[in-house]
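To keep things clear, I will list the structure first and then write my remarks on it.
Each value in this text was obtained by applying a stated rule to the coordinates, not by laboratory testing. On a predicted model such as this, the values are computed, not experimentally measured, just so you know. Cβ sites come from the backbone with ideal geometry, for glycine too, and all protein chains shown count toward neighbours.
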Amino acid sequence: MFRKQKSEARSVKDGKKSGPGRKEAAGRNTLGVTVAGDALRKAALLGLAMIVLPALISLIYLALVDAPARKDTLLKQVADSYARQQARFIGKAMGDLLLRVDSAARSSQVMEALDAGREDTLADAEASLREFFPEVFSLRLLPLTELGTAGLSDGPGGLRNHIEIDLVRRVSNGEKPRAEAYAHEGRLLASLAQVARHPGVPDRRAVVLVTVGEDVLTDLLSWPGEMPGRFRLWQRIYGNGADRDVDIVSRGEGSAATKGQAAVVDTPWQLEFTPSANLAERAARGARPAYELFLLVVAFAVAGLILLLLRMRATLTSEVSRITDSAEPRTPLALSIPQLLPLAVSLRRASGRRKGGEPSTQVAETSHAAKTGTALTGVDGPAAAELPRHIFRAYDIRGVADRDLDDETAYRIGSAIATIAGEMGEQTLALGYDGRASSGRLRGLVEKALLRAGRDVVDIGLVPTPLLYFTTQRSEARSGIMITGSHSPADYNGMKIVLKGQTLSEGAIDRVRDLAQTGRFSTGQGRLIQRSMVNDYIDEVVSDIAIAVPLKVVVDAGNGATGHIAPALLEELGCDVIPLNCEVDGTFPNRSPDTGDEAALAGLVQAVRAERADFGVAYDGDGDRLAVVTGSGRILRTDVLMMLFARDVVARHPGADVVYDVKCSRDLAQLITSLGGRPVLWKTGHALMKQKMAETGALLGGEFSGHIFFGERWYGFDDGMYATGRLAEILSSQELDFDDFIADLPTAVSTPEILIEVPDDEKFDLIRRFREEASFPHGKSNDLDGLRVDFAEGWGLLRASNTGPALTARFEGRDDAALKAVQDRFREQLSRVAPDLDIPF
């Protein structure tokens, strides 16, 4: 267009017109039409944009905001209605079943059995009651005895787990019964109970315990006709820093994102309903926005724009004609639209220019090199000579450092862990080590193995084991390895392993051994990052714990890995700290690193008394265990310390689960129950305890060896230093001294943990034979971990140690005579099973 315009201008200037008449006018008119058309198109586009853009925004709002919101609101109302209806149905069904159980507890058969007071009459009554409950999984009539305990094994009078134990306890204490759901041996069950009381003899009581299976619970989720969606019955477990939902049963299919929710009355259950696609579509029809009105408004706006453009066209054509007619400089400009004046001026100038060169455009080409990653591939390395099987223990790896953990063994174990971590999608592992003489060598070998296997390593240096656990909770490394011999003697060492936030135990440790044996490891090139987590750890503990008044505390680090952290932490909390054996020395020159050895605490007892301290604390070699000494010098065993912590935690969280191991006093269970908590008996072992706490959502856990786990306000791992802070917080908030503060806690006569030397390859078989052959006719046996037998006057335990070549035993009685009687029974039975064994009790 501009070339033609310039040509016309040159013709005028050079006097080479074809004539002053029609041809020149036609050229100017053509130019005018073109310019007018361009202007009109621009105006039309601008007008359409002014209509279309707001219309598009409105349409987007209606489609993406208003419509989904209306749909979600309506669908939520529908989903909640379905959930409430089904929850009422389930609540009524469970209420009806409870009424039947209550009627059974008052039946003449049960009353006659209680009146007779014999096991055979109770068994007959139980069989008679079963005929009235054909749909249930099991029905048991359990006599309540003065013993006050129940085992976790099946059989006459046996209870399946701690949930049924707690259910029986609650109804026997007069609490309102309600159903409890749980998993048992691969089955989903729900139990409810009611107490039966003899009208004339108050001490004669029994509990009717009825259990229904998954089929009954699933039937409760049925719906007449076509299923409208998915019903899901679940219950919430609280603790460990977060709430979590546990599914019970579900039925149907749902696809909508919106869910309905309702509580099932008189149960801890919740009913969730997810609408099906069909139901969601039906609900969506009632929530459609007013698209018709919107389209009508847009149509009127477009019609108005068209009329406006038609009028503008005539005006623009007239104005452009004037502009083209005035292209000669001599012609005056007379425009009714002043905004077109610049166009006229530009056209005059263009008419007098010479033809210029075409502008050139240069496009710079850019190249982009794509980043490529190198995949880790498995390689076949040489199989190792037989790795020492005994170092792969139940929940860690441990052996004599120079004999069992030579360079090749350590490197292979590190490579195997790195390979398994990679299979789990874990790229980064934290690595810490304690102060033992062999830890530096093992740390170097494991670090090299991790890097060559393609894993990144966050080296956190010489730290206690809780710092490694803390790092896996508060950094990009959710996995890690701690080089430590824990509480073992100085010539021992080993590894504690965390993968995806879970401490390895049992079968997972065997997997590490099997892979280390084969030599089939991943390969790659990892990165090494050095980072200190000490300040982060101290800052978080200090932000969590508040000390009301300063306390004087003796800290005995035992020359272990807590020596350079624990005193600083307690000072930051406001305590007056007297350090004892706080120089890190892997030879442990001053005492055993095992805080379970009460003889090793003599120096701490003496220092607490001499300094008139409020209390003293000792840590094992890697700081995940602690021992506590009161101001009078009394060594406080861990089950008593757990009573103190339970009194604090459960009082603020009624109904909380508290996990404790089989070595703890049964006074602990009775105290937890009296506080309104739920005691959970479990196997010994720090990894096993952490798993049970995660499973139950427990807020507190502890095992007799000194591991304390806080799920309330902390991360659920065993941490002696954090437990010390919580103890100081409790003691600083009351006026009594330590000894007076715990004077009202229940006490019994008990032994410390007793070790009986037995080779690693014999101890588990010996415990198996003891469980099978020992006879305790007057006690209730529990084979959860070894064999624990409860008697009316006390209890005893014999189990295989998971950390050393030994059996462990512990006994408790209500007085010295009762304690001796329990020990005599165990000694007699153990002598029958292993006559050559040297029994130290």
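Points worth noting:
- Trypsin sites (Lys or Arg not before Pro) restricted to DSSP loop in segment 660-729 with at most 16 other C-beta within 10 Å: Arg713
- In this structure, Glu253 and Glu175 have a Cβ-Cβ separation that, at R0 = 41 Å, corresponds to a calculated FRET efficiency of about 0.60.
- FRET efficiency estimate (nearest 0.05) - Cβ-Cβ, Val265 to Glu226, R0 25 angstrom: 0.40
- Among Glu828, Glu571, Glu226, sorting on how many other beta-carbon atoms sit within 10 Å of each Cβ, with the fewest leading, yields Glu226, Glu828, Glu571.
- Taking θ as phi - 60° and the Karplus parameters 6.51, -1.76 and 1.60, the scalar couplings of segment 189-201 work out to 10, 9, 10, 9, 9, 8, 8, 10, 10, 5, x, x, 10 Hz in sequence order, x denoting glycine and proline.
- Low-density loop positions, trypsin sites (Lys or Arg not before Pro), segment 750-840 - DSSP coil, at most 16 other Cβ in 10 Å: Arg814
- For Arg204, the amide hydrogen comes within under 5 Å of the amide hydrogens of His198, counting only partners 5 or more places away or on other chains and with H modelled in the peptide plane.
- Taking other residues whose beta carbon is less than 10 angstrom from the beta carbon of Tyr537, and scoring Lys, Arg as +1 and Asp, Glu as -1, yields -3.
- Computed E for Leu755/Arg832 - FRET, C-beta separation, R0 22 angstrom, nearest 0.05: 0.55
- Gain on full stretching of the segment that runs from Arg236 to Ala568 - 0.36 nm per residue minus C-alpha separation: 115.6 nm
- Residues whose placed amide H lies under 5 Å from that of Glu712, excluding near-sequence neighbours: Asn240
- Residues in segment 516-532 carry Karplus couplings, in order, of 4, 5, 6, x, 8, 10, 6, 10, x, 9, x, 10, 10, 10, 9, 8, 9 Hz; the curve used is 6.51 cos²θ - 1.76 cosθ + 1.60 with θ = phi - 60°, and Gly or Pro positions show x.
- In order along segment 113-120, phi translates into HN-Hα couplings of 5, 5, 5, 6, x, 10, 5, 5 Hz, rounded to whole numbers, per the Karplus curve 6.51 cos²θ - 1.76 cosθ + 1.60 with θ = phi - 60° and x for Gly and Pro.
- Annotation: for a label point projected 7 angstrom from Cα along Cα→Cβ of Gln502, residues of segment 398-430 with backbone N closer than 15 Å are 420-426.
- Residue-count net charge about Glu476 - beta-carbon cut-off 11 Å; Lys, Arg +1, Asp, Glu -1: +1
- Distances between placed amide hydrogens fall under 5 Å for Ile529 paired with Val457, Val458, Asp459, all partners being 5 or more residues away or on another chain.
- Annotation: the antiparallel percentage among DSSP beta bridges lying fully within segment 552-741 is about 40.
- For segment 380-532, share of DSSP beta bridges that run antiparallel, in % to the nearest 5: 45 percent
- Gain on full stretching of the segment that runs from Ile730 to Lys92 - 0.36 nm per residue minus C-alpha separation: 225.2 nm
- Extension gain from Asp744 to Ser775, taking 0.36 nm per residue of separation minus the Cα-Cα distance: 7.6 nm
- Per DSSP, loop trypsin sites (Lys or Arg not before Pro) in segment 466-518 with at most 16 further Cβ within 10 Å: Lys500
- Sum of side-chain charges, Leu499 neighbourhood, beta-carbon under 12 Å (Lys, Arg +1; Asp, Glu -1): +3
- With the simple spin-label model, which puts each label point 7 Å out from Cα in the Cβ direction, the Ser674 to Arg389 separation comes to 4.8 nm.
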